[in-house]
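The values are calculated or read from the model by the stated rules, or taken from the named source; none is laboratory data. Here the structure is a predicted model, which is why all the values come from computation and not from measurement. So basically every Cβ, Gly included, is an ideal-geometry build from the backbone, and we count neighbours across all protein chains shown.
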Amino acid sequence: MIKERNRNIVIASIIILAVLSRIVPHPPNFAPITGIALFSSKKIKNKLFGVLLPIIPLFISDLFIGISFINIFVYISFIIIYFLGTISPKIDVKTVFLSSVIFFILTNLGVWYFGYPKNIEGLITCFTLAIPFFINTILGDLLYSFILFRSYKAVEKFKFMSA
């Protein structure tokens, strides 16, 4: 089962990359988790493990960064993004951008609910202040999705995965 072992090495590498990318200094919201959710939706055959693949590094890194009620919104957003990937015919720029929008809306609803006045002014303030983070989210999601899918394709091409 060399193929399965090599596949597990790639998956373990993805998890390590994701954990490290969240705990080393980086621009806020510039992380590979959306890319991992989309990647796992297409490349991981076991659907339970596929949906957990982005959640595992999130939880591990949250143990270092800190856990709050807002994390629930973050985890739910990545589960939804995973399922978006499963129903999308292919992962392209539109799918990644829609994933970024899903993350932005859900997580900022959580931030608003737990940290701002529960009125329209609080909602507008929350989302307005989140715009710089949204730009980082989009850039990180596009970059990491591209890297994950292209790297996997290159590895498959060199028979690492099929040996």
query: Taking region 17-40 on its own, how many of its residues are loosely packed, with under 12 Cβ neighbours inside 10 Å and of a type in the set (A, V, I, L, M, F, W, C)?
result: 1
Residue satisfying all of: in region 118-163; outside any helix (DSSP H, G or I) and modelled with pLDDT of 95 or more; nearest to ILE81 (Cα to Cα) among these: ALA130
query: Which members of region 50-61 meet the condition of being in a helix (DSSP H, G or I) and touching a Ser or Thr at 6+ places or on another chain (Cβ under 8 Å)?
result: GLY50, VAL51
field: Residue among ILE81, ILE91, ILE105 that is touching a Ser or Thr at 6+ places or on another chain (Cβ under 9 Å), not in a helix (DSSP H, G or I) and not polar (S, T, N, Q)
entry: ILE91
task: Could you look through region 123-142, keep only residues that are touching a residue at least 24 places away in the same chain (Cβ under 8 Å) and hydrophobic (A, V, I, L, M, F, W, C), and pick out the one that is surrounded by the fewest Cβ atoms within 10 Å (Cβ to Cβ)?
output: LEU139
field: Filter result for the condition that a residue is within 27 Å of ILE9 (Cβ to Cβ), in contact with a Pro (Cβ under 8 Å, 6 or more places away or on another chain) and modelled with pLDDT of 95 or more, over ILE91, ILE81
entry: ILE81
